[in-house]
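Heads up, the thing below is written out as structure tokens.
The values are calculated or read from the model by the stated rules, or taken from the named source; none is laboratory data. Since we're looking at a predicted model, the values are computed, not measured. All Cβ positions, glycine included, derive from the backbone under ideal geometry; neighbour counts span all protein chains shown. Calculation scope for accessible area: heavy atoms of the full protein, side chains included, ligands and nucleic acids excluded. Shrake-Rupley method; radii C 1.70, N 1.55, O 1.52, S 1.80 Å.
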Amino acid sequence: MIEIKDLAFSYKEKEVLKSISFAADAGDILAILGKNAVGKTTLINVLTGLLEAQAGKVLICGEDTTKKLTETIKSKIGVMRPVVGVFEKMTCFQYLEFIAGLYGVSRTKILELSEKYQFSSELPRMIKKCSTGTRKKVEFCAAIIHDPLVLFLDEPFESVDPIVVSEIKEYIRNFSKNGRTILITSHILDIVQNICTKYIIIDNGTVVHSGEIANSTPSANDVTELERIFLETVNGNEKEPSIT
């Protein structure tokens, strides 16, 4: 579903992504991990066409999207992005109505999603006046409103209440079971351990470690295992980390 080969991107003289390579198959829930400012969001922006790769290749659903995303590919992917600029002056309903209109989705879907993710009372509120949690819910619903095949989620669990976190996790699991693919960036490693099937760790502009998470419903002891791997990897520990 997704194949990345030697991807590179720089902001002027700052090389953010040096040589990123990985793949995600149908049904994978892949976590993209790393410290702050290592390029996780930049990577998502390149993969979803907001930024253009300066080297390497990106394949999504078998199509080369390195330079441009076709309308066909755009209809197959969902992207959770921060609501910024003029869109913040829209109400939650107006923004979701705008996104739904791009994909030919009925207004009914907006009402269904707002009920499910518990922000229907916020639909008339201007986005810039919403809490961080409500904004996250709106951003998540905008990403899934057209039922995509591939989903890119940038920090979906941050500032979201536990009930909605549970609902989002349920959606992700069902999405994966239907043979679709999700890429998630997150700093909440216990959720990553609990829900993701694979992970990559980015540091110094490249993938420094990757692996599978065999058990998506780990015990309390296992929850700390991914944290150990992450800390050993980004701190330059020479041990070979693994998840069993």
| query | For E232, all conditions in the list (1) part of a loop (DSSP other than H, G, I, E, B); (2) farther than 20 Å from G27 by Cα; (3) at pLDDT 80 or above hold save one; what is the number of the exception? | reply | (1)
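Out of the range 24-35, which residues are open to solvent by 10 Å² or more (accessible area, probe 1.4 Å) and either assigned to a strand (DSSP E or B) or among the small types (G, A, S) (or both)?
Within the range 24-35, the first condition is being open to solvent by 10 Å² or more (accessible area, probe 1.4 Å), and the residues that meet it are 25-28, 35.
Answer for the range 24-35, where residues must be open to solvent by 10 Å² or more (accessible area, probe 1.4 Å) and either assigned to a strand (DSSP E or B) or among the small types (G, A, S) (or both): A26, G27.
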| field | Residue within the range 59-80 that is within 30 Å of L231 (Cβ to Cβ) and touching a helix residue (DSSP H, G or I) at 6+ places or on another chain (Cβ under 9 Å) present | value | yes
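Table: residues versus (1) out of contact with any Gly (no Cβ under 8 Å at 6 or more places or on another chain); (2) modelled with pLDDT under 95; (3) among the β-branched types (V, I, T).
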{"site": "S75", "(1), (2), (3)": "yes, yes, no"}
{"site": "G101", "(1), (2), (3)": "yes, no, no"}
{"site": "Q118", "(1), (2), (3)": "yes, yes, no"}
{"site": "R125", "(1), (2), (3)": "yes, no, no"}
{"site": "A143", "(1), (2), (3)": "no, no, no"}
{"site": "V160", "(1), (2), (3)": "no, yes, yes"}
{"site": "E167", "(1), (2), (3)": "yes, yes, no"}
{"site": "E170", "(1), (2), (3)": "yes, yes, no"}
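Just to be sure, is K5 in contact (Cβ under 8 Å) with a residue 40 or more places away in the chain and open to solvent by 30 Å² or more (accessible area, probe 1.4 Å)? Please lay out each step first, then the result.
On the way: in contact (Cβ under 8 Å) with a residue 40 or more places away in the chain: yes; open to solvent by 30 Å² or more (accessible area, probe 1.4 Å): yes.
When the stated conditions are applied, K5 passes them.
How many residues does the range 174-187 contain that are surrounded by 17 or more Cβ atoms within 10 Å (Cβ to Cβ) and either part of a helix (DSSP H, G or I) or of a type outside the set (K, R) (or both)?
First pass over the range 174-187, keeping only residues surrounded by 17 or more Cβ atoms within 10 Å (Cβ to Cβ): 175-176, 180-186.
Okay, now just the ones that are also either part of a helix (DSSP H, G or I) or of a type outside the set (K, R) (or both), so 175-176, 181-186.
The number of residues fulfilling the criteria is 8.
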| field | Every pair of residues 6+ apart whose Cβ atoms lie under 7 Å, when the first sits in the range 125-142 and is under 11 Å from V164 (Cβ atoms) and of a type in the set (A, V, I, L, M, F, W, C) while the second is assigned to a helix (DSSP H, G or I) and open to solvent by less than 10 Å² (accessible area, probe 1.4 Å) | value | F140/I168; C141/L96
